[in-house]
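Colleague: Before anything else, here's the structure in question.
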Amino acid sequence: MVNVGEKAPEFELVDTDLKMRKLSEFKGKKVVLSFFVAASSPVCTNEMCTFRDRWGEISALGAQVIGISNDGPFANKAFAEKFHFNYPILGDYKSKTIRDYDILMPDLLHVKGYDAAKRSIFVVDENGTVSYKWVSDNPLVEPNYQEIIDFLKKGK
């Protein structure tokens, strides 16, 4: 498991416009990596919309939100367009990054081979180090958004 104080694993993942995006392109900014379970599922929709709705506040704190799931770019594009997300949604369809962060949830909903990311938040500081981590084993539990905002405020 990637822990606070450790370097955040680099990734190269496809966005909703089929462009490859790397964590390193955001170096010099705080990054809120939000790993979500499944595009368009009710809890994930609420989570991603909460980040969308609090984008101004997060951005004013010098941070960038990035959503990551193991959905492909087409499912993520439909999801992002439907809800007008104002931050990148990346597809880790091979679950490599999800494994690198050690947050793979195997057999989601007891469906054999249906793997997903555990709902997780990693805040990566300007130097690429994990400074905050929250991981849930329950896909129905959302992060504490105010705690994340408060954490970003402390680092300003």
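Colleague: Going through E25, E10, E47 one at a time, which residue ends up being open to solvent by less than 20 Å² (accessible area, probe 1.4 Å) and of a type outside the set (V, I, T)?
Modeller: E47
Colleague: Moving to a separate point now. K133 is checked against (1) exposed (fewer than 10 other Cβ atoms within 10 Å of the Cβ); (2) not in a helix (DSSP H, G or I) and fails just one. What number does that condition carry?
Modeller: (1)
Colleague: Can you name the helices (runs of 4 or more DSSP H) wholly within region 1-106 that have at least 1 residues being within 13 Å of the chain's Cα centre (by Cα) and modelled with pLDDT of 95 or more?
Modeller: The helices (runs of 4 or more DSSP H) meeting that bar are 42-53, 73-83, 96-100.
Colleague: Please work out if G56 is out of contact with any strand residue (DSSP E or B) (no Cβ under 7 Å at 6 or more places or on another chain) and of a type outside the set (V, I, T).
Modeller: Yes: the conditions hold for G56.
Colleague: With respect to N86, determine if the residue is in contact with a helix residue (DSSP H, G or I) (Cβ under 6 Å, 6 or more places away or on another chain), open to solvent by 20 Å² or more (accessible area, probe 1.4 Å) and over 20 Å from L104 (Cα atoms).
Modeller: In short, yes.
Colleague: From the list Y145, Y101, Y93, Y132, pick out the single residue that is under 16 Å from S40 (Cα atoms) and hydroxyl-bearing (S, T, Y).
Modeller: Y93
The values are calculated or read from the model by the stated rules, or taken from the named source; none is laboratory data. In this text, all values refer to a predicted model and were calculated from it rather than measured experimentally. Counting neighbours? That spans all protein chains shown, and the Cβs are built from the backbone with ideal geometry, glycine included. For the accessible areas, the whole protein counts, side chains as well, though only heavy atoms, and no ligand, DNA or RNA atoms are used. Shrake-Rupley method; radii C 1.70, N 1.55, O 1.52, S 1.80 Å.
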